[in-house]
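S.K.: My structure is below; once you've seen it, I'll send some questions.
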Amino acid sequence: MSTMECGDARPLVPSYLDGELTEAQAAPLRKHLLACQACRAGAQADKNMKRWFAVTEPIAVPRGFSGRVARAAFAGVESTANVLTEFERRSPRAAPILLGPTVAVASSSELEQLEIEAETARSENGRILAFVLRLTVAAAVLALLASVAIQSLRRPSTAELRADDRRTMSLDQALEKLDHLERAEAAKPAAAPR
Amino acid sequence: MEPLTAEDASLVQETLAGNQTSFQLLVERYQDRLFALVRHYTKDPALVEDIVQETFLKAFKRLDGFQHESSFYTWIYRIAVNTVLDVLKRRGRSPVTSVEDPEVAGAPNAPDTRVMAPDARLQREEIARITRECLAEIPEIFRTVLVLREFEDMAYQDIADLLGISIGTVESRLFRARARFKEKLLQRHPEFGEGA
């Protein structure tokens with residue numbers, strides 16, 4: 001017959017399952033559980049619930065994390081907010097490595113290689129950025145030159161803008177021409193009166 | 001509590017001597033365990049990363065104060081837990097909800113609900129997801145002891161030392177935490193109740 005009462009046994013079950021009881025405490029409890037079906041069922045239910053914690057999801061550690069942290073530490077970075085740039089967060093090369101029970105853990109040398117790749121990616125991105133900047137400047141200069149050229153083509157000439165258009169005849173020329181026309185008119189035979 | 005390994009001791013010494021690679025190796029050794037820990041507190045991967053990073057940076061700054069009495073992991077683990085709680089506090093999610101609050105502490109008198117073990121047909125990922133979702137709904141004061149006990153397999157005394165509370169408080173919080181977890185699990189998935 002069990003010497004421990006159910007009321008004493010039940011509060012001890014969680015500690016028993018967690019391995020926290022001394023042998024002196026655990027022995028009478030075990031004896032009680034063997035004898036008491038209700039308490040045994042309760043202990044089994046507690047054990048069942050612990051199985052919900054037996055499985056963990058794979059862990060996602062971003063690539064190059066250890067290298068960045070070590071650099072930041074030695075650079076004396078105070079806050080984590082400045083350590084990761086938005087680009088590094090969004091970069092496909094900063095995609096997480098899956099670590100976990102079902103996934104192989106990346107070795108130190110692999111991580112080192114990944115770190116080198118990340119560095120290369122950063123320098124490649126720097127070169128691309130410089131090239132795009134140079135291209136933009138060249139395009140801006142070309143656009144400016146083209147604009148100047150177009151404007152100069154469409155601009156009216158100085159002669160066109162002059163108030164005294166040199167293409168019209170001078171006063172002397174006009175008088176001379178008028179005089180010439182009058183003489184020609186006078187030389188014509190007079191028309192017969194009606 | 002884990003003992004300090006010779007390799008960790010050596011890496012700590014080399015780091016203190018100015019070797020950046022040694023510190024990087026220390027980070028590599030413990031980064032996945034700290035990511036796993038912090039992930040129980042927030043679903044935001046960027047925040048998890050920030051917290052783990054902040055933990056390592058704090059550890060680096062305090063490295064000369066590391067006494068070698070415990071393992072490096074136990075030491076950095078304590079920094080990580082405190083960093084998580086600090087960050088959550090700063091973000092307005094108080095991790096120190098009073099256990100005297102009847103709303104929070106009401107669980108011990110709840111009916112003795114029982115849950116079944118995860119169905120063998122469930123995928124591992126599915127079990128982990130359900131557990132994570134239920135844990136996320138538990139007040140942080142209870143979640144912390146449950147995480148430390150169930151996922152980190154820490155002894156009551158170590159949890160008490162880490163959180164600066166008594167063993168009796170650890171037992172009490174664990175009891176409430178498990179009751180809350182069962183409650184959330186059965187709310188979301190009544191099919192896992194015994195007799196369901």
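S.K.: Of the residues that make up the range A:56-64, is at least one facing another protein chain (nearest Cβ under 7 Å), in contact with a Leu (Cβ under 8 Å, 6 or more places away or on another chain), free of Cβ contacts under 8 Å to residues at least 40 places away in the same chain and not basic (Lys, Arg)? Explain how you work it out, then say what you get.
M.R.: Filtering the range A:56-64 down to residues facing another protein chain (nearest Cβ under 7 Å) leaves A:56-57, A:59-62.
Filter once more, keeping what is in contact with a Leu (Cβ under 8 Å, 6 or more places away or on another chain): A:59-61.
Subsequent filtering for residues that are free of Cβ contacts under 8 Å to residues at least 40 places away in the same chain retains A:60-61.
If we keep only those that are not basic (Lys, Arg) as well, we get A:60-61.
Yes - at least one qualifying residue is present in the range A:56-64.
S.K.: Related question: With the condition kept exactly as written, say whether any residue in the range A:160-173 is at pLDDT below 65 and part of a helix (DSSP H, G or I).
M.R.: Yes, that holds for at least one residue.
S.K.: Could you tell me which of the residues B:Ala46, B:Ala105 is at pLDDT below 75 and either under 21 Å from B:Arg176 (Cα atoms) or facing chain A (nearest Cβ under 10 Å) (or both)?
M.R.: Values: B:Ala46 fails: at pLDDT below 75.
Among B:Ala46, B:Ala105, only B:Ala105 is at pLDDT below 75 and either under 21 Å from B:Arg176 (Cα atoms) or facing chain A (nearest Cβ under 10 Å) (or both).
S.K.: Ok, one more. Tell me the residue from B:Ala80, B:Ala17 that is within 27 Å of B:Ala179 (Cβ to Cβ) and modelled with pLDDT of 90 or more, please.
M.R.: B:Ala80
S.K.: Just need a number here: residues in the range B:50-78 that are more than 13 Å from chain A (Cβ to nearest Cβ), surrounded by 17 or more Cβ atoms within 10 Å (Cβ to Cβ) and not in a loop (DSSP other than H, G, I, E, B).
M.R.: Matching residues across the range B:50-78 total 6.
S.K.: Give just the number: which of (1) more than 21 Å from B:Ile79 (Cα to Cα); (2) free of Cβ contacts under 8 Å to residues at least 60 places away in the same chain does B:Ala179 not satisfy?
M.R.: Among (1) more than 21 Å from B:Ile79 (Cα to Cα); (2) free of Cβ contacts under 8 Å to residues at least 60 places away in the same chain, the lone unmet condition for B:Ala179 is (2).
S.K.: Also: Kindly provide the set of residues from the range B:149-196 that are on the phi < 0 side of the Ramachandran plot, within 11 Å of chain A (Cβ to nearest Cβ) and within 12 Å of the chain's Cα centre (by Cα), ordered by number.
M.R.: B:Arg149, B:Glu150, B:Phe151, B:Glu152, B:Met154, B:Ile159
S.K.: Filter the range A:37-68 down to the residues that are surrounded by 21 or more Cβ atoms within 10 Å (Cβ to Cβ), in a helix (DSSP H, G or I) and at pLDDT below 90 and list them by number.
M.R.: A:Met49, A:Trp52
The values are calculated or read from the model by the stated rules, or taken from the named source; none is laboratory data. All values reported here derive from a predicted model rather than from experimental measurement. Virtual Cβ from ideal backbone geometry, glycine too; neighbours counted across all protein chains shown.
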